[in-house]
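The values are calculated or read from the model by the stated rules, or taken from the named source; none is laboratory data. The structure displayed is predicted, hence computed values, not measured ones. So basically every Cβ, Gly included, is an ideal-geometry build from the backbone, and we count neighbours across all protein chains shown.
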């Protein structure tokens, strides 16, 4: 069975990853088995896996990303299981809806407007679900379901186009319906605008 090296322990300590979040995958015969066992146990990171191609590291997320090569994957893995609010926001100016998660709804709305996200300053929350556990996973599920509508050319700034995974060209009703169907029974679900208002967020 694999053992954590001094270098790995130092890395985990530096990034505030407790042993409770680590899974020893050396006994798993496949990545599918590793993912299944990690999900069952609620583990986010694994060691005792195949070495990454870039530098030979053996610390990975449940989905197989090397956290030593790309430390941003640490926050991403934790985000999936975090308790937050999943939201659908809309902008008439850019004719888009946005699927995201936040812990502070009013602050997030204010930021979207003040930062003129996508060049628009009229973003409003259309529907919210939660606070709910595994909010990042639910966000991902909603985005995947709506993937055919994803706007790959969405621009945060007029001079710079960048591929977006959170912005979609679909009606607000469809986005909100997918969110409602994706959350567990008993989740606090709120429509922030009236049903009749949704017609103005259809394109």
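Can you confirm whether the stretch 109-118 contains a residue that is farther than 19 Å from residue 149 by Cα, in contact (Cβ under 8 Å) with a residue 24 or more places away in the chain and in the same structural domain as residue 187 (by TED's automatic domain parsing)? I'd like the intermediate steps shown before the answer.
Residues of the stretch 109-118 farther than 19 Å from residue 149 by Cα: 109-116.
Imposing the further condition that a residue be in contact (Cβ under 8 Å) with a residue 24 or more places away in the chain reduces the set to none.
No, every residue in the stretch 109-118 fails to be farther than 19 Å from residue 149 by Cα, in contact (Cβ under 8 Å) with a residue 24 or more places away in the chain and in the same structural domain as residue 187 (by TED's automatic domain parsing).
Results for (1) farther than 28 Å from residue 129 by Cα; (2) in contact with a helix residue (DSSP H, G or I) (Cβ under 6 Å, 6 or more places away or on another chain), shown as yes or no for each residue.
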| site | (1), (2) |
| --- | --- |
| 11 | yes, no |
| 19 | yes, no |
| 32 | yes, no |
| 39 | no, no |
| 44 | no, yes |
| 63 | no, no |
| 80 | no, yes |
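Please report, ordered by residue number, the strands (runs of 3 or more DSSP E) entirely within the stretch 120-203 with at least 3 residues that are at pLDDT 80 or above, touching a helix residue (DSSP H, G or I) at 6+ places or on another chain (Cβ under 7 Å) and under 27 Å from residue 78 (Cβ atoms).
Those strands (runs of 3 or more DSSP E) span 124-132.
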